[in-house]
Amino acid sequence: MNRILKNREVWLALAILAVVIGVTLRFPRFSQPGNLLTIFNDTSILMMLALGQMAVILTRSIDLSMASNLALTGMIVAMTNAAFPFIPIPLLIAGCVVAGAALGAFNGILVWKLDIPPIVVTLGTLTIFRGLVFVISGGAWVNAAQMSTDFIQLQRGVFLGLPILSWFAIVVAALVYVLMTRTTLGRAFYAIGVNPTASVYTGINVGRTKFMAFVLSGAISGLCGYLWISRYVIASVEVAGGYELTIVAACVIGGVSIAGGIGTVGGALLGAIFLGVVNNALPVIGVSPFWQMAISGAAILLAVVLNARGERSKGRIILKKAEVVA
Amino acid sequence: MTDMSSAGRQLPDRLDNPLKSAVLSWESLLVLVALAIFVGNSFASPYFLNPWSLSDLTFNFTEKGLIALAMALVIITGEIDLSVASIIALASTLMGFALHTFGVPTPVLVLVGVLTGLGCGAFNGFLVTVLKLPSIVVTIGTMSLFRGLAYIILGDRSYGGYPRDFAWFGQGYIGDSVISFELVLFAVAAVLFYVLLHHTNFGRRVFAIGNNATAAQFSGVRVDRIKFVLFCLTGLMSGLAAVLLTARLGSTRPSIAQGFELDVITMVVLGGVSILGGAGSIIGVVIAALIIGLVTFGLGLLNVPGIVMSIFTGSLLIVVIALPILYKMWKERRA
């Protein structure tokens, strides 16, 4: 029982439940299964992105370029589809994942081989990637009329009562869960986050592991590039502008420690769902959508205060020196 | 976030020849880059070498440069402030709010902007030093919070109709000369920050914290207090930048100064300040600000759109940091 109370995911799930119940008390239709599934579907893209970001943050890095990566791969895939509508969609999706992974690898190489701090690298690529969207598109939009029907409809198909988009999130979450808990790479993400020096002695290549985290976050951004464009049926330079912070917010709210090494798949998913529920509830209770930004900012601050309290009691520092090194 | 390198610091047997190290310094490299871009610009566009063009050029970096001066100190202590652009948005919005709700005169308007900045900075500083939270998450949070507040107040509207004497702060020139008030303010601030960082105890402590905060603490440096002051200072400078920017544009929207934080950090890092803390100089930052201004203005004269310019600033940031590392790797491989 004590363990359950100390579990962060449980608290977050309760907080989400409280918001849902609170809104339902005034607007009973809010918690109809159909609406809740819609919220889940609306949040799918954020959930996937949060999982990619989590892998990076676990390794004491940060990827601020995810939203720009998404916009760039999204624009590439939209233009490809507009120019060659006969290319099958699964092939396009595979192309997106590869393109996104390549952009992530660019970040990763700079972090791994040149040892440039991740925040500097991704702050740079954040603008470079988005600038490239403008360069390849010439500032023009790709709109619904230019996209093929399959391109738009694929994620809207329903399988076992859920839209395909939701299935994408579920499959990605399952894969990341297996990666994080059942593979050496996943465990290495945690290890170098907790103690990079000790990780080196256990034979983990710290730089290469960070590189892999960036490739993962890039691949997920690429996948979401297609999903985002086909969901909102418009590809432009502004796609997902500023969304990188929402992704980090989802992670922080989900209990992923920015200092690395702490975080779970369930937490990151709940963090994303929390933001999704709040953003869906605001218009329902009649609050202007202009409040969204401030609320997610406040949520980040609140979450990081709570995280810090939780982490401080965790573990005992035996050597004062160890704390300084780590 | 930042991995601390465990390599000890080594003392050289004898110091480098001061003249040689001055010539090979980061600052002199920056001066060369600035000169090269200046010459390049003069050839690229016939409109560049003209007193008014050059004066216009300065507006491209003065506001961001003011913030970069304070940001340099924050980064030298090993912290970062990503919320500066959002502070501008909030300060500008509150100035517009004060003007349209209470009809305050210009001096009060300026005060509102500067004090809002100071307040925001103090809030950041409080979270970082009292609650001991990592500055990168705190300022990602307040980045969203401050601009979010601006959106709550303004929504999709905008404030305009700023008084004429207020506009002088952003558009005025000293007498009949081509020297703008903004440029003079930047120059004065640069001198003040130069003295503060390089010729006072306070400045030495800033470096001490960046090199080893624990050791600094044990040597009697009030680490948290200094960090708090620096966050306040960055907020203050952001508030000042908000006054200048609002006066120059003559209107406020919640999306004002979007993406400024990137340019500011690029200036600081380009200026030779180590993102890991502990090293840097104000002269470097000032030259870096000038370089960014030259690049963006030159590209502007060539009709390059702003978003494409951002590719240049982004690449500049990465390349400038990567080059010394690559050079060092190349040297080590040869040795």
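Quick note: the coordinates plus some simple rules give every number you see, no bench work behind them. Treat the numbers as computed from the prediction; the structure is a model and nothing was measured. So basically every Cβ, Gly included, is an ideal-geometry build from the backbone, and we count neighbours across all protein chains shown.
Given a cut-off of under 8 Å on Cα pairs at least six residues apart, what relative contact order in percent is computed for region A:41-241? Numbers along the way, then the final one.
Numbers: 311 pairs, mean separation 94.5, N = 201.
Reported as a whole number, the value is 47 percent.
Rounded to the nearest whole Hz, the Karplus-based 3J(HN,Hα) values (6.51 cos²θ - 1.76 cosθ + 1.60, θ = phi - 60°) of region A:173-180 follow the sequence 4, 5, 4, 5, 4, 4, 4, 6, with x at glycine and proline. Each residue of region A:103-111 was assigned a 3J(HN,Hα) from its phi angle through the Karplus expression (A = 6.51, B = -1.76, C = 1.60, θ = phi - 60°), giving 5, x, 5, 4, 4, x, 4, 5, 6 Hz with x at Gly and Pro. If you run the Gaussian network model on chain B, springs between alpha carbon atoms under 10 Å, then out of B:GLY300, B:GLY280, B:GLY65 the most flexible one is B:GLY300. Pairwise alpha-carbon distances in the protein assembly as shown exceed 46 Å for 17% of all pairs. Residue exposure proxy: B:HIS199, B:HIS100, ordered by other Cβ atoms within 10 angstrom of their Cβ from fewest to most, comes out as B:HIS199, B:HIS100. Each of A:MET147, B:MET143 was scored by other Cβ atoms within 10 Å of its Cβ. Arranged with the fewest first, they read A:MET147, B:MET143.
Amide hydrogen proximity for B:TYR173: with H placed 1.01 Å from N in the peptide plane, the residues at 5 or more positions away or on another chain lying under 5 Å are B:PHE181. One equal scatterer on each Cα of region A:116-174, no solvent, Debye formula: the resulting log10 I(q)/I(0) at q = 0.14, 0.19, 0.26 Å⁻¹ is -0.74, -0.87, -0.93. I'd like the trypsin sites (Lys or Arg not before Pro) in region A:196-291 restricted to DSSP loop residues with at most 11 other Cβ atoms within 10 Å, sorted by number. Sites meeting the loop and neighbour criteria: none at all. Applied to region B:144-154, the Karplus parametrisation 6.51 cos²θ - 1.76 cosθ + 1.60 on θ = phi - 60° returns per-residue 3J(HN,Hα) values of 6, 5, 4, 5, x, 4, 4, 5, 4, 6, 9 Hz, with x for Gly and Pro. The amide H of B:LEU133, built 1.01 Å from its N in the peptide plane, has B:VAL128 as neighbours under 5 Å, considering only residues 5 or more places off or on other chains.
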